[in-house]
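Worksheet for the structure shown next.
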Amino acid sequence: LPVLAVVGRPNVGKSTLVNRILGRRQAVVEDKPGVTRDRVSYPAEWAGRNFTLVDTGGWEVDVLGIDARVAEQAEVAISLADAVLFVVDATVGPTATDERVVRLLRKSGKPVVLCANKVDGPRVEADATELWSLGLGQPHPVSALHGRGTGDLLDAAMAALPKVSQHGSAIPAGGPRRVALVGRPNVGKSSLLNKIIGAERVVVDDVAGTTRDPVDELVQLKGKTWWFVDTAGIRRRVHQSQGADFYASLRTQAAIEKSEVAVVLLDASTKLTEQDTRVISQAIDAGRAIVLAFNKWDLMDEDRRPFLEREIEQDLVQVQWAPRVNLSAKTGWHAERLVPAIERALASWETRIPTGRLNAFLGELVAAHPHPLRGGKQPRILFATQASTSPPRFVIFASGFLEAGYRRFIERRLREDFGFEGTPIEISVRVRE
Ligand code: GDP
């Protein structure tokens, strides 16, 4: 999905705007300073179009060196976005920090929609006009608080947002596979990267038809070139504060969006954390192939084994289908198992089931396990097709709505029959009379 990032300095009302865009039902953002957000990206919809909304507001917890931080935040968000919603406080006017972000926006060449926020009345509306001076085109006067003007703003954002994410479409066919090495701070990402790259590093400068970010690294492993995205983000040690955590999360999101497969690194020697499951959710929501790598296995104590097994069962239930590799970035133990696991996940991610086979499979399944009766009626499955790969998306046409439980049952059986190790799959149902 195309990505729309909301960028702006603290206190311009980004959170309020994000809540407006997401609507009351989805709003999970607490608009309070010092509160770190759970997520940075949200599924959003406007005028029938689906997109991913990236919220950079969680950064406001870090008030140290705000100017540099805002620029850094903006830089990551811009690199990740297909279009940027730049929020300025119309009652204050453009500040030096705003100007700095404007320069970054210009340099990026990405579409920008300028939001003049806090326009709660006609007097401020005049102030909003002054924002033409930023050179970003028309300022859209908005009161995120009261909802005024947000519809027009979103219309403009939809017009600026490409239909297909540049990140997805920029992946060249036959080019190197893009891998995001992700995980919470200190799980060993940079250690693993060094282990992998240290072993068989080959500098490949020009891969035909690709533009490579300087933060990415091309690595040759077993005769095949792999493209590790945003390795600079892994190498740069960010100081530990709430703000830094949020920054790491944003960076993770950016890396995932740019890749085909996410290798989620976990620390096997300590309890899995909420941050771990959050990273996994980010990869699932983005629809990427996923490999789980349990690092620090050299520290694994036999007493911990059963606890880890239980944590995997309970906390990682959403991703039971992902291949798991136990390894040690420190000693290099089992590091060679990573690439085969990545290859398996990518193969599943790109699997296409011929329509005939899919319908034969569903026909048998439904005959043996019909959908439960609902109101005396039985929703019938009429036809199914795989609408896309990467990840596999299925559309089932049925005579009535299929219950979520039944869809999960179909997913489980699809996985049993066709594998799909390491890929999320999506099933949607269209009701036909
Ligand atoms: P990052 O923040 O995810 O990049 O994590 P680092 O690679 O910086 O590693 C964090 C700490 O864990 C460092 O002290 C590493 O030396 C240590 N570490 C990483 N991998 C392993 C491992 O496999 N075994 C052990 N014992 N320590 C590890």
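Points to keep in mind about this one:
- Local electrostatic count, Gln138, Cβ distance below 14 Å [Lys/Arg +1, Asp/Glu -1]: -4
- Pairs beyond 25 Å (Cα-Cα), from Lys163/Lys189; Lys195/Lys224; Lys222/Lys258: Lys163/Lys189
- For a paramagnetic label modelled on Asp155 (point 7 Å from Cα along Cα→Cβ), amide N atoms under 16 Å away belong, within segment 124-139, to 138-139.
- Segment 313-373 shape via C-alpha gyration tensor axes, a/c threshold 1.5: oblate
- In this structure the amide hydrogen of Trp226, modeled in the peptide plane, comes within under 5 Å of the amide hydrogens of Val219, Gln220, Leu221, none closer than 5 places in sequence on its chain.
- Spatial separation of Cα centroids for segment 94-163 and segment 360-383, in angstrom: 51
- Residue order, fewest to most beta carbons within 10 Å, for Val76, Val84, Val92: Val92, Val76, Val84
- Vicinal HN-Hα couplings computed from phi for segment 409-425 (Karplus, 6.51 cos²θ - 1.76 cosθ + 1.60; Hz; Gly/Pro x): 4, 4, 4, 4, 5, 4, 5, 4, 7, 10, x, 6, 5, x, 10, x, 10
- Annotation: lysines with alpha-carbon distance below 16 angstrom to Lys271 (same-chain offsets under eight excluded): Lys296.
- Listed values for segment 146-160 are Karplus-derived 3J(HN,Hα) couplings in whole Hz (6.51 cos²θ - 1.76 cosθ + 1.60, θ = phi - 60°), namely 9, x, 5, x, 5, x, 5, 4, 5, 4, 5, 5, 5, 5, 7, and x replaces Gly and Pro.
- In terms of the mean number of neighbouring beta-carbon atoms within 10 Å, the peptides 322-328, 249-255, 6-12, 158-164 order highest first as 249-255, 6-12, 322-328, 158-164.
- Sequence-distant residues sharing a close amide H with Val112 (under 5 Å, placed H): Val84
- Charged neighbours of Trp349, selected by a Cβ distance under 14 Å, balance to +2 (K, R count +1; D, E count -1).
- Between Ser399 and Glu364, the contour length at 0.36 nm per residue exceeds the alpha carbon distance by 10.8 nm.
- Which of Arg337, Arg412 has the fewest Cβ neighbours within 10 Å, and the rest in rising order: Arg412, Arg337
- In this structure, the amide hydrogen of Phe394, modeled 1.01 Å from its nitrogen in the peptide plane, lies closer than 5 angstrom to those of Ala387, Glu426, Ile427, Ser428, counting only residues at least 5 positions away or on a different chain.
- Residue-wise HN-Hα coupling along segment 315-322, computed from phi with Karplus coefficients 6.51, -1.76, 1.60 (Hz; x: Gly, Pro): 7, 10, 4, 6, 9, 4, 7, 7
Laboratory data are not the source of any read-out in this text; all were calculated from the coordinates shown. None of these values were measured; they are calculated from a predicted model. Positions of Cβ are generated from backbone atoms using ideal geometry, with glycine treated the same way; all protein chains shown enter the neighbour counts.
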